[in-house]
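The values are calculated or read from the model by the stated rules, or taken from the named source; none is laboratory data. Note that the coordinates shown come from a computational prediction; the quantities given were computed from them, not determined experimentally. Methodologically, a virtual Cβ is constructed for each residue, glycine included, from the backbone with ideal geometry; neighbour enumeration extends over all protein chains shown. For the accessible areas, the whole protein counts, side chains as well, though only heavy atoms, and no ligand, DNA or RNA atoms are used. Shrake-Rupley method; radii C 1.70, N 1.55, O 1.52, S 1.80 Å.
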Amino acid sequence: MREQQIEKLRGVVRDCVSKHLYSSAIFFADKVAAFTDDPADIYMQAQALFLGRHYRRAYHLLNASKIVLRDLRFRYLAAKCLEELKEWDQCLLMLGDAKVDEHGNVYDTKDCNVMYLDKDSEDREINISSAICFLRGRAYEALENRVLARHWYKAAIKADPLCYEALECLIENHMLTFEEETSLLSSLQFGPEDRWLSSFYSCLIKKYDKECVIEAKFREVEKESCNSNPSSPSFTHTLKNNTDLLACKAEYFNQCGEYQKCFELTSDLLEKDPFHLKCTLVHLAAAVELGNSNELYLMASNLVKDYPQKTLSWFAVGCYYYCIKKYDQSRRYFSKATSLDGTFAPAWIGFGNAYAAQEEGDQAMSAYRTAARLFPGCHLPTLYIGMEYMRTHSYKLAEQFFMQAKTICPSDPLVYNELGVVAYNMKEYKNAVLWFEKTLKHIPTLSQFWEPTVINLAHAYRKLKIYHEAISCYERALTLSTRSLSTYAGLAYTYHLQDNFTAAITYYHKALWLKPDDQFCTEMLSLALVDEGRRGIDPKIEFR
């Protein structure tokens, strides 16, 4: 057969692949390879077999070729076949011996003479070495060697910053701390045309900086995209409203405790792209915090219908049962999610929370410790371990874990709030005031969710006998919620301690209106009435 006819057949194979007609592609690629015995045509046949899910046959074809150990593309595709067959040790053997250090620097002495038959294309390609490093990371992660997996993922993104999947694994699996993520990002070598990508990546990593710094990062992405191609404004608008970027913003709102704002943003995003799974996860988290069981039921039903094999679907079902306080069912579905994907951090944390909600501390601790071991870059397991110790009044141990969580994530207001609660319980009221004030400083906009923190701060001031500050904090809490028994009771008791009996009686009545059988307020109201009766009406007493 003439070369011209063979080239036409190659075109047919490429067209079949682009149209997902894999059986046709396999049929014609086999004939081309038989006619030419060219390594490039053998590779094309193996690629068609791989896409048609004939992994064992594709591997056999590649392994039988004499070039497999000398051409990186052959070796990489053979390793991909072994990945699909879950033969991880064989996969690593096929990729060859190489060493990597903790910073992602690769030392490979045996592959210095390998060749790479590059395809004829003007498209920009991901570096083959980067893809190989990433596949090594996948294999080590499957073999539960998360340390080496982390090192190889770092090597992959360093070899080529366009290898987004490596960065995604590092971020989504919480393999790095905030400092490590920042250091890795600063070490990447971006080309002049990829400045926008550097800015985008900085939005994807952990958002533990100050609010102004994070907002500046989001603005920088829009600015870079605008400057990169001023003749095409459509690109700017597309990137500015890109769902990935907006999902990052939603993640930041969720982290800051602005759950309503987060929920509204994710709701808008899911209207545009109902199957954006990263946004869906943040949406579920916000819905749980807001107690929106109807939304959770709807989301869980749709996810199970559309993605029955996805971990996220069963995690959503667990969230729904957790929200309606059916913790046994919740645990069952969180457990199913962890069995489907043991590297899905939210499922482990949800599993622990479901046990903790029923005060089953040992099982909760076990789940949290597993999460802390698997996800060293996530502070939540450590934080929840501290909460469990606090529940059992082991305040010193709780404080140690809260400080660990603070080291991992220095910007989470919940960590500072828990440190304040521990200090208060240990009667270290000055420290409690400091921690509660730090909590409020880390909250962009104060909402009803943070009302307990304001009340706790008021209690701490009252214990220190700084009554005017305590009253100010109680009144601030009333602006967030007017139906809090502890606020009215605390305010009444503070006025009572100041001998302002009239104001104390007023607020005891307001507290009892919310809960008529409250023993403390009932007794203190009786004492305040007696004290006022003994003292008589003093015109100097300020009425409020």
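Shape class for segment 423-534: prolate, because the ratio a/c of the largest to smallest gyration tensor axis (alpha-carbon atoms, square roots of eigenvalues) is 1.5 or more and a/b beats b/c. By the rule of a C-alpha distance below 18 Å, with chain neighbours fewer than 8 residues away ignored, the lysines paired with LYS8 are LYS19, LYS31, LYS119.
The shape of segment 293-366 comes out oblate: with a ≥ b ≥ c from the C-alpha gyration tensor, a/c is at least 1.5 while a/b does not beat b/c. Straight Cα distances below 13 angstrom link LYS240 to the aspartates and glutamates GLU220, GLU222, GLU224, with same-chain residues fewer than 8 positions distant left out. The order of VAL147, VAL100 by accessible area, most exposed first and with a 1.4 Å probe, is VAL147, VAL100.
Ordered by 1.4 Å accessible area with all protein chains kept, ARG535, ARG53, ARG136 run largest first as ARG53, ARG535, ARG136.
Mind checking which of PHE134, SER472, LEU176 is farthest towards the positive end of the chain's charge dipole, using Cβ charges of +1 (Lys, Arg) and -1 (Asp, Glu) about the Cα centre? So the residue furthest toward the plus end is SER472. Of the listed values (i) 1.23; (ii) 1.10; (iii) 1.19, identify the label whose number matches Rg/Rh (Cα atoms, Kirkwood Rh) calculated from this model. It is the value labelled (ii). Provide the solvent-accessible area of HIS459, counting protein heavy atoms only and rolling a 1.4 Å probe, rounded to the nearest 10 Å². About 40 Å², rounded to the nearest 10. Size descriptors for segment 313-465: radius of gyration and Dmax over Cα atoms are 16.3, 54 Å. Normalised by the number of residues in the chain, what is the relative contact order in percent for Cα pairs under 8 Å and 6+ residues apart? Computed over the chain, the figure is 6 percent.
Rounded, prolate or oblate: which one fits segment 11-59, using the alpha carbon gyration tensor with axes a ≥ b ≥ c (rounded when a/c is under 1.5, else prolate when a/b beats b/c, else oblate)? Don't jump to the answer; show the numbers that get you there.
Details: a/c = 1.98, a/b = 1.13, b/c = 1.75.
Note, shape of segment 11-59 comes out oblate.
The solvent-accessible area of HIS393, taken with every protein chain present and a 1.4 Å probe, is close to 130 Å².
Projecting the Cα atoms of TYR321, HIS276, HIS379 onto the charge dipole of segment 272-409, computed from C-beta unit charges around the Cα centre, puts HIS276 farthest toward the positive end. How far is helix 327-340 tilted off the main Cα axis of the chain, in degrees rounded to 10, range 0 to 90? Approximately 20 degrees, to the nearest ten.
Where nothing but the Cβ of Lys and Arg (+1) and of Asp and Glu (-1) is charged, how large is the charge dipole of the chain around its Cα centre, in debye to the nearest 20? Display every interim value, and only then the final one.
Values: 64 positive and 71 negative charges, 131 e Å.
Using only the charged Cβ atoms, the result is roughly 640 debye.
When SER330, SER186, SER526 are compared by accessible area of protein heavy atoms, the largest-first order is SER186, SER526, SER330, using a 1.4 Å probe. For PHE28, the solvent-accessible surface computed with a 1.4 Å probe is close to 60 Å², ligands and nucleic acids excluded. Solvent-accessible surface of segment 387-453, averaged per residue with a 1.4 angstrom probe and all protein chains in place: 48 square angstrom. Ligands, DNA and RNA left out, the 1.4 Å accessible surface of the chain is 52% carbon and sulfur atoms.
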